[in-house]
Amino acid sequence: MDLIAALSLSLAIGLSWHRFRQIFSQATDRTILLSPATTLASAVNLSAMAMAFNSNTAAVGGMIVALGLMLAMVVDRSTLGSPARLTLAAVSLLVHTGLGGSF
């Protein structure tokens, strides 16, 4: 159960990372910055990162985030569209909370 909870957080981070990281680029178009999808990706990503470190050691939280970032590199190479990524990221976060909250 703990492994599934950790993996769901990593999935949420990995699937929402592409849209989340765009808010830090100066080259990002203003319409992307103001879109609801970017807001959702930011909320999912930051919540998943916070939950990764909540009630865990820094090492465990760091490993969950690192796995999520590695998954983000794989997902960026896929043909999965942004709406599908964000939907799956939100579902992954909801799965985590349904498994008993913070891992």
Test Ala84 against the stated conditions and say whether it is in contact (Cβ under 8 Å) with a residue 40 or more places away in the chain and not charged (D, E, K, R). no
Please go through (1) modelled with pLDDT of 90 or more; (2) of a type in the set (A, V, I, L, M, F, W, C); (3) surrounded by 13 or more Cβ atoms within 10 Å (Cβ to Cβ); (4) farther than 18 Å from Thr87 by Cβ for Ala5 and return the number of the only condition it doesn't satisfy. (1)
Considering the range 64-97 alone, what residues qualify as being more than 14 Å from the chain's Cα centre (by Cα) and loosely packed, with under 11 Cβ neighbours inside 10 Å? Arg77, Ser78, Thr79, Gly81
Count, please, the residues in the range 39-63 that happen to be surrounded by 15 or more Cβ atoms within 10 Å (Cβ to Cβ), assigned to a helix (DSSP H, G or I) and of a type outside the set (A, V, I, L, M, F, W, C). 4
Of the residues that make up the range 14-31, is at least one surrounded by 13 or more Cβ atoms within 10 Å (Cβ to Cβ), assigned to a helix (DSSP H, G or I) and modelled with pLDDT under 90? no
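The values are calculated or read from the model by the stated rules, or taken from the named source; none is laboratory data. Note that the structure is predicted; figures quoted are calculated from it, not measured. Positions of Cβ are generated from backbone atoms using ideal geometry, with glycine treated the same way; all protein chains shown enter the neighbour counts.
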